[in-house]
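Dropping the structure in here first, questions after.
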Amino acid sequence: MYDQERDLIAALAGHRIGRRDFMRRASQLGLGAAAMSGLMGQMASSALAADSSFDWKAHKGTTLKLLLNKHPYADAMIADLDAFKELTGMDVTYDVFPEDVYFDKVTAALSSSSSEYDALMTGAYQTWTYGPAGWLVDLNDYIQDSAKTAGTWDWDDVLPNLRASTSWSGVPGEALGGKGAKQWALPWAFELNSISYNKRIFDQQKLEVPKNLPDLMETAAKITKDVSGVYGIGVRGSRSWATIHPGFLSGYVNYGAKDFTVDGGSLKAAMNSPEAKTFTADWVKMIQESGPKNWSTYTWYQVGNDLGAGASGMIFDADILGYFQNNGDTKEKGNIGFHAFAANPDAKEPTPNVWIWSLAMSNFSTKKDAAWYFMQWATSKEHDLFGAVKKDMVNPVRQSVWDNDDFKTRIAQNAGYLEQFKASEPGAKIYFTPQPLFFDVTTAWAAMLQRLVAKELPVDEGLDQLVASIDDQMSQAGLQ
Amino acid sequence: MQHMSTGERVLRGILIALALIFFLFPIFWIVLMSFQTNAQILRIPPSLFFSPTLENYTSLITGQLKTASGVLTLNFMQNLFNSFILSTASVALSLVLAVPAAYAFARYKFRFSEDIAFTLLSFKFAPPLLVLLPLTIYFQKIGLANTYFGLIWVYQLITLPLILWIVRGYFEDISPDIEHAYRIAGHSWAKTFFKISIPLARPGIAAAALLSFIFAWNNFVFALVLASADKQPVTVGALAFVTASGIQYGQIAAAAVISITPTLALALFAQRYLVEGLSLGAVKG
């Protein structure tokens with residue numbers, strides 16, 4: 001039996017049989033899902049090891065330590081970790097911390113120059129603080145070093161907007177991925193913002209999926225009015241940066257608005273431009289008319305829970321938030337549909353802002369070269385495919401995975417997901433202006449949105465006040 | 001003694017019942033949630049009637065959580081064990097250090113006694129984050145990072161001032177004449193301290209120990225910053241059920257029930273001491 005398994009893996013690794021044949025023959029051998037996952041991992045390591053010009057065993061015997069967030073992406077990696085150990089002969093230990101406290105732990109570890117962790121999970125926004133502070137390694141040095149990087153790793157296969165969004169020169173206001181940008185992290189998996197909607201409710205009410213913001217406001221109001229106990233549109237509202245970056249910013253930039261204008265290194269807040277005021281006024285009205293009752297407390301979790309429980313008709317948030325509700329233990333499992341969304345009726349295409357979970361290397365690691373081997377493996381085509389097909393590592397960051405038939409078959413079980421991704425992906429990137437006060441600015445922005453929704457201020461006046469306050473902060477920080 | 005009329009008795013009963021419902025309903029609801037699946041918990045509207053499941057408790061105790069995408073590992077029991085070790089050892093160490101110190105501050109006047117006592121109390125005022133980063137660096141240099149010993153040491157910031165100040169107040173309330181009489185009978189200072197002073201102050205010591213145990217149990221930030229995942233207490237571990245793919249409400253509720261059990265049992269056991277000790281220590285003539 002063992003020989004048969006081994007031959008089967010070797011046949012796949014040597015491209016003598018396709019993946020479908022592999023799956024069929026594995027099932028004939030009576031292998032269950034867990035064993036199949038293990039086989040897939042072994043297959044991946046065999047395929048990587050087939051690149052004979054690269055010595056994967058160069059750091060055999062080294063033990064690495066990772067700092068991870070409790071997340072499906074980390075779970076997928078841990079499930080496949082034996083494949084890495086077998087491929088490299090290295091050992092890996094890890095600390096997993098809940099997301100609520102994860103970045104506190106990262107900040108404490110890095111700011112104290114701790115050499116405990118070699119590599120860590122991070123978001124792209126956080127690298128704007130960690131990178132320029134000298135806490136992370138510029139990975140360009142490794143990516144461009146053919147002695148340290150396997151030829152099969154194929155950096156260019158990673159979606160170009162994501163590569164750019166995780167690199168920055170460190171100069172406030174300079175474009176992400178621009179000249180002199182340092183690669184602070186490797187994209188691992190990501191989310192973009194689109195419409196996830198309850199198909200059951202839409203079918204019952206004979207509604208069309210909204211294509212733009214006026215359409216969305218109308219549809220959401222209709223659901224709120226006509227469907228008992230259900231509100232129209234779920235969006236985040238807590239006093240946090242996380243309220244600004246999903247649907248709000250995606251729609252905001254689609255109207256042509258920007259967070260800052262940059263002039264010769266000086267950053268000027270632009271939340272009161274005519275485009276920004278037009279969009280914000282409609283956004284606020286939409287929440288007042290058709291949002292959740294206690295919107296100002298809404299985070300990722302409440303927005304997702306309401307969609308999964310059938311309490312909201314749709315959400316304009318991360319596509320994977322809808323995906324998790326459609327595939328998890330929820331009342332509306334299987335009822336969620338997906339659609340790309342360009343808020344501006346005159347826009348040619350959607351402009352979803354993205355959140356990218358990425359892998360970064362600690363500058364205080366004493367095993368940087370070995371850590372790079374781990375990062376290569378964890379962001380390889382093989383592991384990305386394993387995570388996307390066998391686990392919940394969606395959205396994958398590699399084009400080759402999006403082109404893979406097995407992945408397409410799996411993702412097609414989510415109505416409209418692939419289509420929304422194809423329509424959204426060309427414009428999906430980080431639309432914030434990178435600057436060190438990112439979290440202060442976005443928190444102030446969210447606080448002002450709360451006041452506007454609560455009708456404490458007219459939208460025009462509120463946005464003027466916001467701009468004055470942010471300009472003051474930027475000036476004090478020497479950014480104006 | 002005045003007799004209450006029937007109406008007053010009924011009114012009193014209703015008010016007590018309302019107060020009990022108000023305070024206990026959230027706990028009752030959490031207990032109910034711990035026997036439900038996520039889908040049952042998130043039903044709209046919520047219902048008191050459901051088919052109970054032990055799945056949440058089984059997942060926590062076995063450390064295996066079954067999800068749509070496979071079996072995930074949970075470390076909740078390890079977190080619970082860590083909380084138990086850290087809280088118990090911290091309180092025990094604080095008792096050994098703080099009770100004699102409290103006695104000294106209460107009974108003897110020496111140079112800088114008030115300054116030292118106030119400095120110890122001021123540890124309670126300092127925001128933990130203020131001291132944690134320097135501590136992290138020191139701990140790494142002296143090899144105490146990520147050790148139970150290091151954490152128990154840092155937990156003294158929580159437990160030691162509390163015990164010291166409560167027990168000091170209690171010692172001050174006990175007349176020194178009893179101790180003097182015992183000393184005149186030819187007993188040593190140490191014997192007087194252990195045979196007379198400590199037994200008399202026992203309710204105060206028990207109350208202070210219980211309170212500081214609860215504070216230590218509820219602490220969150222010290223272990224988070226200073227230790228690896230395998231040393232984290234339940235307060236951090238319980239957050240692991242909140243992930244991007246959803247909140248495991250049933251397991252959070254089961255974890256809450258399990259994690260409040262030790263402090264609840266201790267509080268019920270020491271309830272008499274707690275009320276007596278706190279009220280005597282607090283109201284000084």
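Rule-based calculations on the coordinates, nothing more; no lab input. Just so we're clear, the structure is a prediction, and the values are computed from it rather than from any experiment. Here the Cβ positions follow ideal geometry from the backbone for every residue, glycine too, while neighbour counts run over all protein chains shown.
Hand me the GluC sites (Glu not before Pro) from the range A:186-293 located in a DSSP loop with no more than 14 other Cβ atoms within 10 Å, in residue order please. Please report the intermediate quantities before stating the final value.
Values: sites: A:191, A:208, A:218, A:275, A:289; in loops: A:208.
When the GluC sites (Glu not before Pro) of the range A:186-293 are filtered for loop state and at most 14 Cβ neighbours within 10 Å, A:208 remain.
Find the lysine pairs in the range B:76-282 meeting two conditions, Cα atoms under 28 Å apart and a separation of 8 or more places or different chains, and report how many there are. Walk me through the numbers before you get to the answer.
On the way: B:109/B:124; B:109/B:191; B:109/B:195; B:124/B:141; B:124/B:231; B:141/B:231.
Taking the Cα cut-off of 28 Å, the pair count is 6.
Which distance in Å, rounded to a whole number, links the C-alpha centroids of the range A:226-275 and the range A:368-417?
The distance from the Cα centre of the range A:226-275 to that of the range A:368-417 comes to 30 Å.
Taking the dipole about the Cα centre of the protein assembly as shown, with the C-beta of Lys and Arg at +1 and of Asp and Glu at -1, give me whichever of A:140, B:64, A:172 is farthest to the positive side.
So the residue we want is B:64.
Rounded to the nearest 500, what is the 222 nm mean residue ellipticity of chain B from helices alone, with -39500 (n - 2.57) per DSSP H run of 4+ residues and division by all residues?
Working: 14 runs with 200 residues, N = 285.
Computed mean residue ellipticity for chain B: -22500 deg cm²/dmol.
According to the Kirkwood expression over distinct Cα-Cα pairs, how big is the hydrodynamic radius of chain A, in Å? Present the calculation step by step, with values, prior to reporting the outcome.
Numbers: mean 1/r = 0.0426 Å⁻¹.
The Cα-based Kirkwood calculation yields 23.5 Å.
Right, another one. Normalised by the number of residues in chain A, what is the relative contact order in percent for Cα pairs under 8 Å and 6+ residues apart? If you can, show how the numbers build up before the last one.
Working: 885 pairs, mean separation 106.3, N = 480.
Relative contact order comes out at 22 percent.
Moving on to the next point. How big is the Cα convex hull of chain B in projection, averaged over all directions, in nm²?
Numbers: hull surface 91.6 nm².
The directionally averaged projection comes out at 22.9 nm².
Principal axis lengths of the range A:202-338 from Cα atoms, whole Å, largest first?
On the principal axes, the range A:202-338 reaches 53, 27, 25 Å in Cα extent.
Average the reciprocal distances over every distinct pair of alpha-carbons in the range A:136-255, invert the result, and give the Kirkwood radius in Å.
Numbers: mean 1/r = 0.0554 Å⁻¹.
18.1 Å is the Kirkwood radius here.
With respect to the cross-link table entries A:65/A:368; A:333/A:391; A:222/A:333, which display a Cα-Cα separation exceeding 20 Å? The partial results should precede the final answer.
Details: A:65/A:368 11 Å; A:333/A:391 17 Å; A:222/A:333 23 Å.
As for pairs spanning more than 20 Å Cα to Cα, those are A:222/A:333.
Taking 0.36 nm per residue of separation and subtracting the Cα-Cα distance, what length does fully extending residue A:141 through residue A:200 add? Present the calculation step by step, with values, prior to reporting the outcome.
Working: separation 59, 0.36 × 59 = 21.24 nm, distance 5.11 nm.
Net length gain for the segment: 16.1 nm.
Scan around residue A:189 for amide H atoms under 5 Å from its own, H built in the peptide plane at 1.01 Å from N, and keep only partners 5 or more places away or cross-chain.
The answer is A:357.
Counting only DSSP beta bridges with both residues in the range A:197-325, tell me the antiparallel percent, nearest 5.
Details: 5 of 8 bridges.
Of all bridge pairs located within the range A:197-325, approximately 60 percent are antiparallel.
About the Cα centre, and with charges only on the beta carbon of Lys, Arg (+1) and Asp, Glu (-1), how big is the dipole of the protein assembly as shown? Nearest 20 debye, please.
Values: 61 positive and 68 negative charges, 432 e Å.
Dipole about the Cα centre, nearest 20: 2080 debye.
OK, next. Determine the distance separating the Cα centre of the range B:1-74 from the Cα centre of the range B:159-192; give it in Å without decimals.
45
Calculate, for residue A:53 and residue A:405, the FRET efficiency according to 1/(1 + (r/R0)^6) with r their C-beta to C-beta distance and R0 22 Å; round to the nearest 0.05. Please report the intermediate quantities before stating the final value.
Working: r = 29 Å, r/R0 = 1.30.
Once the sixth-power term is evaluated, E becomes 0.15.
Please list, in chain and number order, the residues 5+ apart from residue A:351 or on another chain whose amide H is under 5 Å from its amide H, with Hs placed from the backbone.
A:343
Report the normalised scattering of the range B:134-208 as log10 I(q)/I(0) at q = 0.19, 0.26 Å⁻¹, calculated by the Debye formula with identical scatterers on the alpha carbons.
-0.79, -1.10
Mean residue ellipticity at 222 nm from the helices of chain A, using -39,500 (n - 2.57) per DSSP H segment of n ≥ 4 over the full residue count, to the nearest 500 deg cm²/dmol? Kindly include the intermediate steps, with their values, before the conclusion.
On the way: 23 runs with 227 residues, N = 480.
Result for chain A: -14000 deg cm²/dmol, rounded to the nearest 500.
Using R₀ = 56 Å, calculate the FRET efficiency as 1/(1 + (r/R₀)^6) where r is the Cβ-Cβ separation of residue A:288 and residue B:109; round to 0.05.
On the way: r = 67 Å, r/R0 = 1.19.
It comes out at approximately 0.25.
Among the lysines, select those whose C-alpha is under 21 Å from the C-alpha of residue A:348, and discard any that sit fewer than 8 residues away in the same chain.
Straight-distance partners of residue A:348: A:211, A:258, A:277, A:422, A:429.
Please report, in debye to the nearest 20, how large the charge dipole of the range B:76-282 is about its Cα centre when each Lys and Arg carries +1 at its beta carbon and each Asp and Glu carries -1 there. Before the final figure, lay out each step's value.
Working: 12 positive and 8 negative charges, 67 e Å.
The calculation lands at about 320 debye.
If each residue of separation counts as 0.36 nm, what is the full-extension length gain between residue A:222 and residue A:469 once their alpha-carbon separation is subtracted? Mind showing how you got there, number by number?
Numbers: separation 247, 0.36 × 247 = 88.92 nm, distance 3.71 nm.
Stretched out fully, the residue A:222 to residue A:469 stretch lengthens by 85.2 nm.
From the phi angles alone, apply the Karplus equation (6.51, -1.76, 1.60; θ = phi - 60°) to the range B:232-241 and give each ³J(HN,Hα) in whole Hz, x where the residue is Gly or Pro.
Rounded to whole hertz, the list is 6, x, 4, 4, 7, x, 5, 6, 5, 7.
Ok, one more. Restricting to chain A, compute how many DSSP beta bridges are antiparallel as a %, nearest 5. Present the calculation step by step, with values, prior to reporting the outcome.
On the way: 29 of 42 bridges.
Antiparallel bridges: around 70 percent, rounded to the nearest 5.
Projected onto the charge dipole of the range A:388-447 (+1 at Lys/Arg Cβ, -1 at Asp/Glu Cβ, origin at the Cα centre), which of A:443, A:418, A:402 gives the Cα projection farthest towards the positive end?
A:402
Which value results when the Cα radius of gyration for the range A:363-480 is divided by 2.2 N^0.38 Å?
Numbers: Rg = 21.6 Å, N = 118, 2.2 N^0.38 = 13.5 Å.
It is 1.60.
Rounded to whole Hz and in sequence order, give me ³J(HN,Hα) for the range A:371-380 from the Karplus expression 6.51 cos²θ - 1.76 cosθ + 1.60, θ = phi - 60°, writing x for Gly and Pro.
Listing the rounded values in order: 4, 5, 4, 5, 5, 4, 5, 5, 10, 6 Hz.
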